[in-house]
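Q: Below is a structure I'd like to ask you about.
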Amino acid sequence: MDPRASQSTLLHTPFCDLVGIRYPIVQAGMAGGPTTPEMVAAVSNAGGLGVLAAARLTPEQLREAIRAIRAQTKQPFGVNFLLAPPEPGNQDVLTVQRFLDHFRQKFQLPNGQTNLTLPPSQLPQQLEVVFDEQVPVLSVGLGDPNHLIAAAHAAGSRVMAMVTTVEEAICVVEAGVDVVVAQGAEAGGHRSTFTLGPRGEVPLVGTLALVPQVVDAVRVPVLAAGGIMDGRGLVASLALGAAGALLGTRFLLAQESGASIAYQERLLAATEIDTVITPTFTGRPARSVRNRFVEEYIQAEASPLPWPLQSLAAEDLYEAAQKRGEADYFPLLAGQGLRMLKRGQRSAEIVKELVTEAQAVLARLQSMDG
Ligand SMILES: Cc1cc2nc3c(=O)[nH]c(=O)nc-3n(C[C@H](O)[C@H](O)[C@H](O)COP(=O)(O)O)c2cc1C
């Protein structure tokens with residue numbers, strides 16, 4: 001058999017058949033703007049699965065974004081939501097705002113508001129849009145999706161849920177999800193742990209240990225996530241028994257990425273030792289590059305408000321800092337694979353490179369055989 005053909009076959013997994021894509025490569029939905037409709041469509045057109053982050057979109061914005069994706073691709077794509085309900089915890093808004101005011105001074109912002117009220121969840125209306133628009137894949141993180149699986153299936157969507165432990169994987173598979181994403185501790189962004197410990201603790205199982213244990217425990221395709229940046233990581237995921245890989249950080253620097261230049265430059269300057277898992281940005285543990293904001297929280301031993309109140313409290317500061325290109329004062333969510341980032345690639349080029357590299361790795365491994 002032509003060795004290249006066999007390597008392509010090895011890259012084609014049951015996950016590809018399940019969602020109707022060519023390569024087992026998923027671009028993670030990343031809330032806050034990085035995953036534009038252009039990126040999602042480009043990844044899907046290149047043979048992977050592009051996923052739009054919908055957590056912060058109004059139902060109208062979401063419908064518009066889905067239609068923008070559809071205008072650019074006929075291939076399957078996904079839409080992602082964060083399911084974590086508001087957490088209990090430190091509700092001392094006044095103390096937190098006075099702490100944040102110290103950062104606000106730098107941007108000549110008025111003192112932060114102390115009468116914060118969380119807006120009601122828009123998830124039911126957002127889901128209605130997803131089902132109405134017949135989005136092929138519904139992707140969820142940070143919580144148990146059992147309440148929405150039947151409706152998703154009835155609308156013809158596959159459901160993909162992100163977990164951080166074997167127990168969570170079993171729980172979502174028993175509830176009927178079609179695909180499990182095993183998120184290792186290396187991953188950028190929020191930990192997908194469903195229930196935080198009493199002091200906000202989360203289990204931190206690395207990708208290498210988590211993926212095979214999840215694969216052994218469930219009978220649906222599993223995707224590996226966390227620190228996967230190139231074809232080596234993709235082949236390693238398959239070697240662990242995964243049916244594909246989900247990558248977030250690698251796509252932050254794509255040409256279609258909505259991440260700001262200041263954010264991208266800080267990521268390029270950072271290394272594998274520069275990230276930390278911190279609740280300071282949103283109230284839920286998330287992996288971010290350490291910046292002054294995180295450092296000062298740590299030094300002061302200050303507590304943020306619980307999820308998602310902290311984001312609401314600090315959103316004026318994050319917005320001003322983004323506008324001014326001050327990467328020290330807004331979240332720099334990213335995983336540990338930072339030295340493997342590349343500047344200026346198109347999303348399609350990233351997918352293509354992952355495939356070519358993976359085929360080369362497979363060929364090298366085969367040549368070692370006997
Ligand atoms: C900037 C950023 C934002 C993220 N936002 C989301 C999100 O909105 N929903 C979600 O399910 N996962 C989110 N994630 C986590 C990814 O789903 C995934 O677990 C992670 O990116 C994998 O690790 P990697 O970044 O090392 O590739 C985010 C990750 C990053 C880096």
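The values are calculated or read from the model by the stated rules, or taken from the named source; none is laboratory data. In this text the structure is predicted, and so the values were computed from the model without any measurement. Because the Cβ atoms are built from the backbone with ideal geometry, glycine has one as well, and the counts that use them run over all protein chains shown. Keep in mind that these areas ignore ligands, DNA and RNA; they rest on the heavy atoms of the full protein, side chains included. Shrake-Rupley method; radii C 1.70, N 1.55, O 1.52, S 1.80 Å.
Q: If you take the residues in region 51-109 that are acidic (Asp, Glu) and in a loop (DSSP other than H, G, I, E, B), which one is farthest from the ligand (Cβ to nearest atom)?
A: Within region 51-109, the match that is farthest from the ligand (Cβ to nearest atom) is 92.
Q: Mind checking which pairs have a first residue in region 333-354 that is part of a helix (DSSP H, G or I) and a second that is open to solvent by 80 Å² or more (accessible area, probe 1.4 Å), Cβ under 7 Å, 6 or more apart or different chains?
A: Filtered contacts from region 333-354: 338/272; 339/272; 348/45.
Q: Please determine whether any residue of region 219-231 is under 19 Å from residue 141 (Cα atoms), in a loop (DSSP other than H, G, I, E, B) and over 17 Å from the mean Cα position of the chain (by Cα). Explain how you work it out, then say what you get.
A: Step one: of region 219-231, the residues under 19 Å from residue 141 (Cα atoms) are 220-228.
Pick out the ones that are also in a loop (DSSP other than H, G, I, E, B) and you get 220-221, 226-228.
Right, trim to over 17 Å from the mean Cα position of the chain (by Cα) and you get 220-221.
Yes; the residues of region 219-231 include at least one that is under 19 Å from residue 141 (Cα atoms), in a loop (DSSP other than H, G, I, E, B) and over 17 Å from the mean Cα position of the chain (by Cα).
Q: Given (1) free of Cβ contacts under 8 Å to residues at least 60 places away in the same chain; (2) small (Gly, Ala, Ser); (3) away from the ligand (no atom under 16 Å from the Cβ), where does residue 206 come up short, assuming only one miss?
A: (3)
Q: Just one of (1) more than 18 Å from residue 349 (Cβ to Cβ); (2) within 15 Å of the ligand (Cβ to nearest atom); (3) crowded, with 21+ Cβ neighbours inside 10 Å trips up residue 36, so point out which.
A: Tallying (1) more than 18 Å from residue 349 (Cβ to Cβ); (2) within 15 Å of the ligand (Cβ to nearest atom); (3) crowded, with 21+ Cβ neighbours inside 10 Å, residue 36 fails exactly one: (1).
Q: I need every pair where a residue in region 48-63 that is modelled with pLDDT under 95 has its Cβ under 8 Å from the Cβ of a residue that is open to solvent by less than 40 Å² (accessible area, probe 1.4 Å) and among the aromatic types (Phe, Trp, Tyr), sequence separation at least 6 or different chains.
A: Matching pairs, first to second residue: 55/81.
Q: Here is a list of conditions, (1) within 13 Å of the ligand (Cβ to nearest atom); (2) of a type in the set (A, V, I, L, M, F, W, C); (3) in contact with a helix residue (DSSP H, G or I) (Cβ under 9 Å, 6 or more places away or on another chain); (4) under 16 Å from residue 190 (Cβ atoms), and residue 254 meets all of them except one; can you say which number that is?
A: (4)
Q: Would you check which residues across region 137-148 are crowded, with 20+ Cβ neighbours inside 10 Å and either more than 16 Å from the ligand (Cβ to nearest atom) or within 18 Å of the chain's Cα centre (by Cα) (or both) and list them?
A: Across region 137-148, the qualifying residues are 137, 138, 139, 140, 141, 142, 143, 145.
Q: Looking at 244, 248, which is the one that is under 15 Å from residue 49 (Cβ atoms), out of contact with any helix residue (DSSP H, G or I) (no Cβ under 9 Å at 6 or more places or on another chain) and either more than 11 Å from the ligand (Cβ to nearest atom) or touching a residue at least 12 places away in the same chain (Cβ under 8 Å) (or both)?
A: 248
Q: Can you confirm whether region 315-324 contains a residue that is in contact with a strand residue (DSSP E or B) (Cβ under 7 Å, 6 or more places away or on another chain) and of a type in the set (A, V, I, L, M)?
A: no
Q: Looking at 299, 310, can you tell me which residue is assigned to a helix (DSSP H, G or I), surrounded by 23 or more Cβ atoms within 10 Å (Cβ to Cβ) and not β-branched (Val, Ile, Thr)?
A: Criteria check complete, one pass: 310.
Q: Something else now. Suppose we keep only residues that are farther than 11 Å from residue 310 by Cβ and charged (D, E, K, R) within region 83-98. Which one would you say is least open to solvent (accessible area, probe 1.4 Å)?
A: Ranking the qualifying residues of region 83-98, first place goes to 92.
Q: In addition: Assess whether residue 249 counts as being touching a His at 6+ places or on another chain (Cβ under 9 Å), closer than 21 Å to residue 29 by Cβ and buried (at least 24 other Cβ atoms within 10 Å of the Cβ).
A: Answer is no for this residue.
Q: Turning to a different aspect of this structure: Test of understanding: among 271, 282, which residue is in contact with a Phe, Trp or Tyr (Cβ under 9 Å, 6 or more places away or on another chain) and either without any contact (Cβ under 8 Å) to a residue 60 or more places away in the chain or assigned to a loop (DSSP other than H, G, I, E, B) (or both)?
A: Values: 271 fails: in contact with a Phe, Trp or Tyr (Cβ under 9 Å, 6 or more places away or on another chain).
282 is the lone residue from the list that is in contact with a Phe, Trp or Tyr (Cβ under 9 Å, 6 or more places away or on another chain) and either without any contact (Cβ under 8 Å) to a residue 60 or more places away in the chain or assigned to a loop (DSSP other than H, G, I, E, B) (or both).
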